[in-house]
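Here the structure comes first, spelled out in structure tokens, and everything after it is commentary.
The values are calculated or read from the model by the stated rules, or taken from the named source; none is laboratory data. Keep in mind that this is a model prediction, so the values were computed, not measured. Cβ coordinates were reconstructed from backbone atoms using ideal geometry, including for glycine residues, and neighbour counts include every protein chain displayed. Heads up: the accessible areas ignore ligands, DNA and RNA and are worked out on the full protein's heavy atoms, side chains in. Shrake-Rupley method; radii C 1.70, N 1.55, O 1.52, S 1.80 Å.
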Amino acid sequence: MTWRIGVDSGGTFTDVCLFDESSGRVAVWKISSTPRDPSYAVAQGVCEALERIAAQTSDVCYFGHGTTVATNALIQHRGAQTGLVTSDGFRDLLEIGRQKRPDLYDLQADKPPVLASETPPMKWRRTAS
């Protein structure tokens, strides 16, 4: 058997999904998240899930990990204050959105607040060394 594993660490639960490439079998495992160290729930969830289906780590050919925690922190603007330094001509980098919107052609749609607010560009000058 060759297993593919996908893990999503969320705020409440960490979900583990296993897919057997040869048979098409799918197994799903859920474990409580560990907010202080999300990696603990990921490791524990994968180990428990592999044990549940009687598979070994050597049977795993792919491991993918995503995190709803980080996505939610960005969306809800929680977390550390952020700064972004770009080269001249790229100051709108975080405002370029490529996603599906409820009304694609609504030119008056409100955009979410940017992650790093714009400040006047700083002029840098090279000093002799």
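Which value, in Å² rounded to 10, gives the accessible area of residue 53 with a 1.4 Å probe and all protein chains present?
Residue 53 exposes around 10 Å² with every protein chain in place.
Enter the accessible area of residue 68 (Å², nearest 10), with the probe set to 1.4 Å and all protein chains included.
That residue has around 50 Å² of solvent-accessible surface.
Which of the trypsin sites (Lys or Arg not before Pro) across the range 7-50 are loop residues per DSSP, with 14 or fewer other Cβ within 10 Å?
For trypsin sites (Lys or Arg not before Pro) across the range 7-50 that sit outside H, G, I, E and B with at most 14 neighbouring Cβ atoms in 10 Å, the list reads 25, 36.
I'd like the FRET efficiency for residue 74 and residue 13, computed as 1/(1 + (r/R0)^6) with the beta carbon distance as r and R0 of 25 Å, rounded to 0.05.
After rounding, the FRET efficiency stands at 0.80.
Using DSSP to define loop residues, name the GluC sites (Glu not before Pro) in the range 1-84 whose beta-carbon has at most 16 other beta-carbon atoms within 10 Å. If you can, show how the numbers build up before the last one.
Numbers: sites: 21, 48, 51; in loops: 21.
Filter output for the range 1-84: 21.
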